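Below: the structure, in structure tokens.
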Amino acid sequence: MKLTFPHMGNVYISVKALLDTIGTDYYMPPPWSRDNMQRGINNSPEFMCLPFKKILGDFIDGLEHGADTILFGESCGRCRMNYYGDLQTKILRDMGYRFDYIHLNLSSLTYGEIMSKLGPLFKGTGKALAVSAVTSAVRTIFAVDGLYRAACFVRCRESVKGSTDSIMLEFEEQAGRARGFAETRLALSEARVKLSRVATDARADPVKIGIVGEIFMLSDMFSNLEIEKKLGGMGAFAVNTMSVSEWMKKHFIRAMLPVKPRDKAVAAAQKYMRAKDIGGHGIYTVGNAELMCRSGFDGIIQVYPFTCMPEITAQPALGEISEKNGTPVMTLILDEMTSETGYVTRLEAFTDMLKMKKEKSSAS
Ligand code: SF4
């Protein structure tokens with residue numbers, strides 16, 4: 001068996017460590033590949049959302065490199081992700097590829113489901129090693145997301161521009177070369193130490209911008225055109241509310257708890273949506289925007305791919321949230337035609353406006 005899997009942000013670091021540990025043969029598409037994206041675009045229905053096209057492009061690359069099994073998770077509330085797997089399988093089979101498909105149902109993911117669905121990968125691996133490898137993979141997802149959050153905190157305060165970016169680039173290269181969890185953990189701890197030593201401006205008081213929106217776009221730096229890095233470079237503290245670890249907390253860890261804690265974001269969204277689910281993670285877009293406005297964020301940016309139904313549903317509520325809280329909100333809709341220059345201009349204009357607003361209110 002030779003496995004392939006699509007990229008979604010930095011999850012590949014954990015998946016790669018897991019597969020190296022259990023000794024599964026795999027092909028990992030490059031995390032940043034315009035060619036793969038183009039292959040996905042060429043073979044997808046035009047109206048499909050960007051994540052579908054990017055994932056399909058990674059599948060084609062994997063199958064072209066000899067993979068015979070695809071690992072993918074789907075189903076995320078009421079949105080077209082529910083039929084990603086069926087449609088992508090049909091497209092790929094029509095293109096002549098033959099493969100097996102390991103499909104993880106993300107909306108009801110449990111430890112048992114992971115162990116049983118990944119069973120073929122664990123053939124020849126002891127049960128104890130399989131359990132410990134899955135546990136380490138989950139922990140690594142949290143650790144990697146924690147590192148990227150720390151980078152956002154430091155980047156907007158650094159005294160020498162680019163210090164944070166070079167540490168993160170080094171980390172990505174080291175994690176890409178790492179074999180197994182021990183080497184991945186080493187890369188993580190070295191990067192954490194380096195970040196803690198970055199010289200920062202103690203007087204810096206950056207504007208705080210909350211990023212809400214569709215989970216794939218928010219967690220995949222390639223797809224969101226590195227929004228965290230760009231905002232940080234403009235001197236704004238970017239707080240990304242959607243990451244794979246956040247998703248795991250909400251859907252995987254929460255599902256294992258005997259008593260479910262109240263979901264603050266879903267509760268906060270009720271004032272505007274009167275529904276607990278509007279598909280995808282739209283309800284979190286609304287709830288997190290409201291919570292961040294209440295806690296004094298200077299601005300909110302919603303990011304989603306063109307034609308994303310849940311985020312289109314959430315968007316009008318953000319206007320109301322902005323008006324009620326007096327917090328500026330900007331929506332960025334991305335597709336394969338998005339110009340990076342236009343994107344940067346909008347981010348710069350929004351950040352500058354927030355800085356002026358903040359200066360004005362601290363002067364008065
Ligand atoms: S949430 Fe939006 S972008 Fe994501 S799969 Fe659903 S429709 Fe597509």
Checklist outcome for this item: From the option list Ile312, Ile278, single residue qualifying as assigned to a loop (DSSP other than H, G, I, E, B), among the β-branched types (Val, Ile, Thr) and modelled with pLDDT of 90 or more is Ile278
Checklist entry - Taking the stated definitions as given, is Thr338 more than 12 Å from the ligand (Cβ to nearest atom), closer than 25 Å to Arg155 by Cβ and not assigned by TED's automatic domain parsing to the domain that holds His7? => result yes
Checklist outcome for this item: Flagged in segment 273-325 as more than 12 Å from the ligand (Cβ to nearest atom), more than 24 Å from Tyr343 (Cα to Cα) and among the small types (Gly, Ala, Ser), in numbering order, are Ala275, Gly287, Ser295, Gly296
Next on the checklist: Residue under question is Arg346, and the condition is that it be more than 17 Å from Leu231 (Cβ to Cβ), away from the ligand (no atom under 16 Å from the Cβ) and surrounded by fewer than 20 Cβ atoms within 10 Å (Cβ to Cβ); does it hold?
Outcome noted: no
Item to check | Flag for Thr140 being loosely packed, with under 15 Cβ neighbours inside 10 Å and in a helix (DSSP H, G or I) | outcome: no
Item to check | Test: residue in segment 149-168 that is closer than 17 Å to Val15 by Cα, of a type in the set (Phe, Trp, Tyr) and not assigned by TED's automatic domain parsing to the domain that holds Lys16 | outcome: no
Checklist entry - Given the structure, is Ser159 surrounded by fewer than 18 Cβ atoms within 10 Å (Cβ to Cβ) and among the hydroxyl-bearing types (Ser, Thr, Tyr)? => result yes
Next on the checklist: Kindly evaluate Val154 against the criterion of being assigned to a helix (DSSP H, G or I), exposed (fewer than 11 other Cβ atoms within 10 Å of the Cβ) and modelled with pLDDT of 95 or more.
Outcome noted: no
Checklist entry - Going by the structure shown, is Val239 among the hydrophobic types (A, V, I, L, M, F, W, C), assigned to a loop (DSSP other than H, G, I, E, B) and away from the ligand (no atom under 16 Å from the Cβ)? => result no
Item to check | segment 1-54, subset assigned to a helix (DSSP H, G or I) and among the acidic types (Asp, Glu), residue surrounded by the most Cβ atoms within 10 Å (Cβ to Cβ) | outcome: Asp20
Item to check | Residues that are charged (D, E, K, R) and either touching a Lys or Arg at 6+ places or on another chain (Cβ under 7 Å) or closer than 20 Å to Gly119 by Cα (or both), drawn from segment 1-36 | outcome: Lys2, Lys16, Asp20, Asp25
Next on the checklist: Being within 25 Å of Lys360 (Cα to Cα), more than 16 Å from the ligand (Cβ to nearest atom) and among the basic types (Lys, Arg) narrows it down to one residue among Lys230, Lys249; which is it?
Outcome noted: Lys230
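Any chance segment 121-137 includes a residue that's closer than 29 Å to Met292 by Cβ, touching a helix residue (DSSP H, G or I) at 6+ places or on another chain (Cβ under 7 Å) and either in a loop (DSSP other than H, G, I, E, B) or among the hydrophobic types (A, V, I, L, M, F, W, C) (or both)?
Among the residues of segment 121-137, not one is closer than 29 Å to Met292 by Cβ, touching a helix residue (DSSP H, G or I) at 6+ places or on another chain (Cβ under 7 Å) and either in a loop (DSSP other than H, G, I, E, B) or among the hydrophobic types (A, V, I, L, M, F, W, C) (or both), which makes the answer no.
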Checklist entry - Out of all the residues in segment 157-169, which are hydroxyl-bearing (Ser, Thr, Tyr) and in a helix (DSSP H, G or I)? => result Ser163, Thr164, Ser166
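The values are calculated or read from the model by the stated rules, or taken from the named source; none is laboratory data. In this text the structure is predicted, and so the values were computed from the model without any measurement. Cβ sites come from the backbone with ideal geometry, for glycine too, and all protein chains shown count toward neighbours.
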